[in-house]
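The next block holds one structure in the form of structure tokens; read it before the comments.
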Amino acid sequence: MSLGEKLLYLRKKAGLSQEDVAEKLSVSRQTISKWETDQTVPELIKAKLLSQLYNVSYDYLISGSPVGGDVTSIEMIVDEIDWTSAWSEKYPLLASYQGIKGIDNYSERLSEMYDAFKNEFGFNDADTVLVLKDILYQKYKMAKKKSK
């Protein structure tokens, strides 16, 4: 995957327009377009800012290693993303909740529940996270329905 293809993929995955990225990096929309179509490449400082914006490593962004559309390659990209930072822009609480008094108690309890759940059902870590996330999401949907 070329640098331009990576930039286009990451921008769309982040839900940003070329204008949004241009504004954040203090460049023109046309510059973003040229980067994404491999007509030009960003300066080193802009590439570093792009890696921060998209929450991927600088090495991943500029590496020439081929990244295809297969699941393994996508998982490699996903594993490089700092999801807390990525979602903190939309949900600022994610950047600060760790400092709330008493949160560490819940963190410990959730960690114990995670381990118990994983052991009881024989799930691996990925499956444990997926099932627990889905359970929490179902709870969220029910609460949202009740509040309407």
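The values are calculated or read from the model by the stated rules, or taken from the named source; none is laboratory data. Quantities reported herein were computed from a predicted structural model and do not represent experimental measurements. So basically every Cβ, Gly included, is an ideal-geometry build from the backbone, and we count neighbours across all protein chains shown.
Yes or no: segment 116-126 includes at least one residue that is modelled with pLDDT under 90 and either surrounded by 13 or more Cβ atoms within 10 Å (Cβ to Cβ) or closer than 29 Å to GLU5 by Cα (or both). Yes, segment 116-126 contains at least one residue that is modelled with pLDDT under 90 and either surrounded by 13 or more Cβ atoms within 10 Å (Cβ to Cβ) or closer than 29 Å to GLU5 by Cα (or both).
Scanning segment 29-73 for residues that are surrounded by fewer than 14 Cβ atoms within 10 Å (Cβ to Cβ) and of a type in the set (A, V, I, L, M), we see that the one that is modelled with the lowest pLDDT is VAL71. Listed by first and then second residue, the pairs with beta-carbon distance under 7 Å, at least 6 apart or on different chains, first residue in segment 127-148 and polar (S, T, N, Q), second in a helix (DSSP H, G or I), are THR128/TYR114; THR128/PHE117; THR128/LYS118. For segment 23-43, a residue qualifies if it is part of a helix (DSSP H, G or I) and farther than 18 Å from VAL56 by Cα, and the qualifying residues are GLU23, ARG29, GLN30, THR31, SER33, LYS34. The number of residues in segment 14-28 being closer than 23 Å to TRP87 by Cα and surrounded by 15 or more Cβ atoms within 10 Å (Cβ to Cβ) comes to 7.
Of all residues in segment 135-143, none are in contact with a Leu (Cβ under 8 Å, 6 or more places away or on another chain), surrounded by 10 or more Cβ atoms within 10 Å (Cβ to Cβ) and within 24 Å of ASN55 (Cβ to Cβ).
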